[in-house]
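K.L.:
Have a look at the structure that comes next, please.
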Amino acid sequence: MAVIEVTDLRKSYADLTVLDGVSFSVEEGEIFGILGPNGTGKTTTVECVEGLRRPDGGSIRVLGLDPVKDARKVHELIGVQLQQTQLPENIKVWEALDLYASFYANPRDWRELLEEWGLAGKRDARFGKLSGGQQQRLFIALALVGNPRVAFLDELTTGLDPQARRTTWELVKRVRASGVTVVLVSHFMDEVEELCDRVAVFNRGRVVAVDTPAGLVGGEHRMRFTLMAGDTSGTAGLENLPEVIDVSREGTRVVVTGRGDFATAVTAHLARHHVLVSDLRIDKRTLDDAFAALTGRSFE
Amino acid sequence: MMKLAVVEAKLLTREPGALFSLLIPLFILVVFGSSIEPGDTVLLPMALAIAVGMVGLYLLPTTLATYRERGILRRLSATPVRPGNMLVVQVLLQLVLAVTACGLLLAVAGTVLGAHLPTGVPSAVLVFLLGTASMFAIGLLIAALAPNGRAANGIGVLLYFPMAYLAGLMQPKDQMPAMVARIGEYTPLGAFGQSMREVWAGAAPSPLLLGVLAGYALVVSIAAATFFRWE
């Protein structure tokens, strides 16, 4: 069942078109990535879905509800972690959780969240005294305190060190494991590849592709090598290997394109025919390559 | 809503600015109070006007503009609670703070200093409410226009001193040029201070000045509501 359905969403500010017909749907229980460089309409889209912005056109359904008309009901069912949001310096961790829990009809026990998110030791600490990672964990806990069906996490690892990012990723997986659908906005390829079941790739206010990370990458890899003996006959049967898509030869340099575990098949074939090679390299396609192929521009 | 009020009240007590709004007028009262004659009708109204002015012009706009700057109002609008609740809670709490500051001043002046306390309690309350309403309206307008908390604080300070000067809170009115003193009487803080002095002197407050205060409160709060942004 689709928990979020966005159809032909449009939004402009003055004469700047920010969203130019965005459509996608999010299925129950998945981690859905919204990926794209900064300024491509990711956050605007998510804020429209959260009912924080009014779209100019198109339709949005969140669990069957209109986030503008049924804002209150939608806000009962979703939890959000917004980009660039702070809490008052002097609020204590437990006070923030207790306060936000009071906003919802069926909140979770915030003491549990405190434990789960490793904040029990910081219960009485003031927000302003927390480290970046602790603040981020508190924001995620606040997004979950209302017992939401969908959690929106916007650029949640920006500004965290690599170790804290890894830890946060594990926590996001745990959120999904608890049955909450997660919408993850990110401009980090590695994050999306690690976490998301499916990804909508944004470029200039449009969705240019929706697929699994593996599907976007396409599973195609390349292998290059140079024949040492200068004899090309040994590579003759390579085209016939089931994993190989294409073989191109230029003098003694050979480039093989294939999918899956084609590298093992190719090297086994070469060994069987006693072909000696040097400069063997395998290029794995990445989401960056996929993005460049989809949009004709590099990511950052 | 109740929990929001409790948490915000706790936060207010942790705010050094709140303590200053209580202590600075009290300090002025005590320092100058040692040299007043018994039955003085000038010093206490002045201290009260300073207290209300500080809460309305510094504390209220700085708090609200900081909340907007930090995205706290925006975060609230993503919950089932309307961010308008925060505005209501803040205005009420700051009102409580202004009343507390004035209560403290009255208590100290009435007991320790032996200053004159007004007999016309209803008109004193009326003047206090209208004066506070006009100060808070200006505070809300600052909060609406200031891009961030620091700017709100700066605008508050920039407005406070000329307003306090024109109101005759910085030196005795008879030492000001007559023209300036006359104009000053129709500024929000001036009308507030003057009405207070009238009540303290045992007279009924001038309807014209009360009308001026009500006018400021109404017009400026409409402007604040028009310009207010949640983010």
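Just so it is clear, none of the values below were taken in a lab; they were calculated from the coordinates. Values in this document were obtained by computation on a predicted structure and should not be read as measured data. Because the Cβ atoms are built from the backbone with ideal geometry, glycine has one as well, and the counts that use them run over all protein chains shown.
K.L.:
Which of the helices (runs of 4 or more DSSP H) contained wholly in the stretch B:88-207 include at least 1 residues that are surrounded by fewer than 16 Cβ atoms within 10 Å (Cβ to Cβ)?
P.N.:
B:121-145, B:149-166, B:178-184
K.L.:
How many residues does the stretch B:134-170 hold that are on the phi > 0 side of the Ramachandran plot and basic (Lys, Arg)?
P.N.:
Residues that pass the stated criteria total 0.
Conditions tested, residue by residue: (1) surrounded by 17 or more Cβ atoms within 10 Å (Cβ to Cβ); (2) β-branched (Val, Ile, Thr); (3) in a loop (DSSP other than H, G, I, E, B); (4) in contact with a strand residue (DSSP E or B) (Cβ under 7 Å, 6 or more places away or on another chain).
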| position | (1), (2), (3), (4) |
| --- | --- |
| A:214 | no, no, no, no |
| A:225 | yes, no, no, yes |
| A:235 | yes, yes, no, yes |
| A:238 | yes, no, no, yes |
| A:247 | yes, yes, no, yes |
| A:270 | yes, no, no, yes |
| A:274 | no, no, yes, no |
| A:282 | no, yes, no, yes |
| A:292 | no, no, no, no |
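K.L.:
Report the residue count in the stretch A:63-99 for those that are under 25 Å from the mean Cα position of the chain (by Cα), of a type outside the set (A, V, I, L, M) and within 8 Å of chain B (Cβ to nearest Cβ). Don't jump to the end; show me each part of the working.
P.N.:
Of the residues in the stretch A:63-99, the ones under 25 Å from the mean Cα position of the chain (by Cα) are A:63-67, A:74-86.
Filter once more, so that each one left must be of a type outside the set (A, V, I, L, M): A:64, A:66-67, A:75-76, A:79, A:81, A:83-86.
Among the residues that remain, those that are also within 8 Å of chain B (Cβ to nearest Cβ) are: A:75-76, A:84-86.
Within the stretch A:63-99, residues that are under 25 Å from the mean Cα position of the chain (by Cα), of a type outside the set (A, V, I, L, M) and within 8 Å of chain B (Cβ to nearest Cβ) number 5.
K.L.:
Filter the stretch A:43-62 down to the residues that are away from chain B (no Cβ under 14 Å), part of a loop (DSSP other than H, G, I, E, B) and either of a type in the set (Phe, Trp, Tyr) or in contact with a helix residue (DSSP H, G or I) (Cβ under 9 Å, 6 or more places away or on another chain) (or both) and list them by number.
P.N.:
Selection gives A:55 alone.
K.L.:
Determine the pairs where a residue that is more than 7 Å from chain A (Cβ to nearest Cβ) and crowded, with 20+ Cβ neighbours inside 10 Å, located within the stretch B:58-83, has a partner that is among the basic types (Lys, Arg) and part of a helix (DSSP H, G or I) with Cβ atoms under 9 Å apart, the partner being 6 or more residues away or on another chain.
P.N.:
Once the first residue is more than 7 Å from chain A (Cβ to nearest Cβ) and crowded, with 20+ Cβ neighbours inside 10 Å and sits in the stretch B:58-83, its partners that are among the basic types (Lys, Arg) and part of a helix (DSSP H, G or I) give B:62/B:150; B:65/B:150; B:66/B:150; B:68/B:74.
K.L.:
Looking at B:146, B:133, which is the one that is within 18 Å of residue B:59 (Cα to Cα) and within 13 Å of the chain's Cα centre (by Cα)? Even if it seems obvious, please write down each step before you answer.
P.N.:
On the way: B:146 fails: within 13 Å of the chain's Cα centre (by Cα).
Answer to the check: B:133.
K.L.:
Could you check the stretch A:1-42 and list, in sequence order, the residues that are surrounded by 22 or more Cβ atoms within 10 Å (Cβ to Cβ) and outside any strand (DSSP E or B)?
P.N.:
Matches in the stretch A:1-42: A:36, A:40, A:41, A:42.
K.L.:
Which ones in the stretch A:127-166 are surrounded by fewer than 16 Cβ atoms within 10 Å (Cβ to Cβ) and within 16 Å of the chain's Cα centre (by Cα)?
P.N.:
Listed by number, the residues that qualify are A:158, A:166.
K.L.:
Next up: Just to be sure I understand the filter: pairs with C-beta atoms under 7 Å, separated by 6 or more residues or on different chains, first member in the stretch B:10-21 and more than 7 Å from every other protein chain (Cβ to nearest Cβ) and touching a residue at least 24 places away in the same chain (Cβ under 8 Å), second member among the β-branched types (Val, Ile, Thr) and not in a helix (DSSP H, G or I). Which pairs pass?
P.N.:
As it stands, the answer is none, since no pair meets every condition given.
K.L.:
Is there a residue in the stretch A:115-137 that is assigned to a loop (DSSP other than H, G, I, E, B) and facing chain B (nearest Cβ under 8 Å)?
P.N.:
No; the residues of the stretch A:115-137 include none that is assigned to a loop (DSSP other than H, G, I, E, B) and facing chain B (nearest Cβ under 8 Å).
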